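Chemist: Pasting in a structure now, in structure tokens, and then I'll have a few things to ask.
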Amino acid sequence: MSGCDRSEPAVPESDMVPLQVSVLNYTDHRVNNVDVDGSWAGSMGPHGGGGKFAGSSAVPRQWRPDFTVTIRWQDDEQYADPVWRSGGPIRYHERILPVQPYQKAADGQMAFLWVAFFPNDVIKLYPTWVGPDHPDFPDGLIDPSLACARKFPGDKKCFSRPPSEWIMEQQEETRTESAQ
């Protein structure tokens, strides 16, 4: 399958480390249907993440600066697209990204690949053995809602809405647009 070819040299399967994948969303917008190299990783509300693992991916045992991963996702803009709402094709954003240097435990283990969405369309991939809030988490990142609450004290936007609330909001927007 030519769609699976990578530009860098292939890594033998025995030299790959499987990791659980989770999404961290540090933005004001929902990210939907995230997948990592074709493996579904979940969806995440604004300023949410870190608690669920939906997919898996693999990285080379030894970090390589040329190793990349393909991330695909949807966002609120795509759900608002009138073409999609009228039954048109589902569109995805797609980006090929390098994997950040590994954050390994003292015994060399890693367990997670965190897909972190940041403002200004920045996405980073963090392979590590810990989660946000741990003192050894890369870039000193903390839980997205707490990071937002520190930056915007008291702002309700910092705490992710439950999916049922988000779906009801989308349905209401659709009804309002249809009535106009």
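Chemist: Is one or more of the residues making up segment 21-39 of a type in the set (Lys, Arg), outside any helix (DSSP H, G or I), modelled with pLDDT of 75 or more and more than 22 Å from GLY140 (Cβ to Cβ)?
Modeler: Here is the first cut: in segment 21-39, the ones of a type in the set (Lys, Arg) are 30.
Now narrow it down to the ones that are outside any helix (DSSP H, G or I): 30.
Retained after the next criterion (residues that are modelled with pLDDT of 75 or more): 30.
Add one more test, that the residue is more than 22 Å from GLY140 (Cβ to Cβ), and what stays is 30.
The answer is yes, given that some residue of segment 21-39 is of a type in the set (Lys, Arg), outside any helix (DSSP H, G or I), modelled with pLDDT of 75 or more and more than 22 Å from GLY140 (Cβ to Cβ).
Chemist: What number of residues in segment 116-134 are within 14 Å of the chain's Cα centre (by Cα) and more than 19 Å from TYR102 (Cβ to Cβ)?
Modeler: 5
Chemist: Test ASP121 against the criterion of being at pLDDT 90 or above and surrounded by fewer than 15 Cβ atoms within 10 Å (Cβ to Cβ), and give yes or no.
Modeler: yes
Chemist: In addition: Would you say GLY88 is modelled with pLDDT under 85 and over 29 Å from PRO135 (Cα atoms)? Even if it seems obvious, please write down each step before you answer.
Modeler: Values: modelled with pLDDT under 85: yes; over 29 Å from PRO135 (Cα atoms): yes.
Against the criterion (modelled with pLDDT under 85 and over 29 Å from PRO135 (Cα atoms)), GLY88 qualifies.
Chemist: Identify, from the list GLN100, GLN74, the residue that is within 21 Å of ASN32 (Cα to Cα), surrounded by 11 or more Cβ atoms within 10 Å (Cβ to Cβ) and of a type outside the set (A, V, I, L, M).
Modeler: Details: GLN100 fails: within 21 Å of ASN32 (Cα to Cα).
Matching residue, one of GLN100, GLN74: GLN74.
Chemist: Pairs please, first residue from segment 105-130 and farther than 13 Å from ALA58 by Cα, second anywhere and of a type in the set (S, T, N, Q), Cβ atoms under 6 Å, 6+ apart in sequence or on different chains.
Modeler: So the pair list comes out as PHE117/ASN25; PHE117/THR27; PRO119/THR27; LYS124/GLN100; TRP129/GLN109.
The values are calculated or read from the model by the stated rules, or taken from the named source; none is laboratory data. This is a predicted model, so every value here is computed, not measured. Counting neighbours? That spans all protein chains shown, and the Cβs are built from the backbone with ideal geometry, glycine included.
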